[in-house]
Amino acid sequence: MPAIKDKSSRSIQPVPQPESLRKLSFGTMTKKREEARASYPVLPDPNGQLAVMATRIIERTAQIEALDGVLALDKAELKTLATPFYFAQASGKVEVASSINVLSPAGEVLISFPNRYGRLESEAVLLPLLGEQTAQFFRQAFTLEIDSDKLPADNAQELLDQLQQLFARYHAAEALKVKEGIKPVPDFHTVRHTALTPQQNLALNQLCPIIAMIKTKARPKEGA
C-alpha cells in the first residue's frame, strides 16, 4: 500500500514580495500636493445666534452673486460701446491713454484697455484682414506637455535628466502634446494705433479682443 503523503508536512512557500515601486526623480521640481478632503469641527451654537448669522451670510451671498451677473452684463455692454471711440481717439498717436472715463451724477467709471489679449487657434482669421502684415503684429505661441504614461519606462529618468534632447531618439514622440496658438507681438498694443486705421483696429478687436477692465469711483456724498 503506497504511503500517503501528509499535506500538512509540505513546506510553505513564502509569498514573493514585489520590488520597490520604480519612481522617477524630479529633482528640485515643485511637487503638487494632493488636497485631502478636510473634516471640520462644528462650532457650538447653544442659542442659535451663529446659525442666524450664517443664514444671513448665505442669503446675502446669493444676492451678491445675482447682482454680479447683472453688473457683468452692464460692464460688457459699456466696453462694447466704448471700444470704437477708444480706437478712433487713439488713431495715429504714439502715446495713447490707457483708459477712457465715463462721467455720471453718481461718479466716474473708468474703462481700461491694457496690453492683454487672448490667444487665437490659428492665424487664418487674421489673414483676410491684415494680409502680409499678419507676421508683423502676431507670432506663434505654444507650450509643450509631456504625458508620463506614454514615456518608455527604461528611459524615462534619462529623458527627464536630458529634457533638451530630442524625444524621437527614445521613440517617445507620442508622449509630447503641443498646445499652440497665435498672439500679438510685444509692441503690438502700442504700434497698432499708428500702423492700422481705427476701422482695422475695430475689426481686429472682433477677432482678438483686448481684455478690457472697468473700475468705478463714486462721488463723495455732500457733507461727508
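Just so it is clear, none of the values below were taken in a lab; they were calculated from the coordinates. Just so it is clear, the model here is predicted, and its values are computed rather than measured. We place every Cβ from the backbone using ideal geometry, glycine too, and count neighbours over all the protein chains shown.
Values as computed for the structure displayed
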| quantity | calculated |
| --- | --- |
| Net charge of Cβ neighbours under 11 Å - reference Leu67; Lys, Arg +1; Asp, Glu -1 | -2 |
| Pairs of lysines in region 49-218 (C-alpha under 19 Å apart; 8 or more residues apart or interchain) | 6 |
| Extension gain, Asp45 back to Ala62 (0.36 nm per residue minus Cα-Cα distance, nm) | 3.8 nm |
| Cβ-Cβ FRET estimate between Ala106 and Val191, R0 fixed at 41 Å, reported to 0.05 | 0.65 |
| For region 49-218, radius of gyration divided by Kirkwood radius, i.e. Rg to Rh on alpha-carbons | 1.17 |
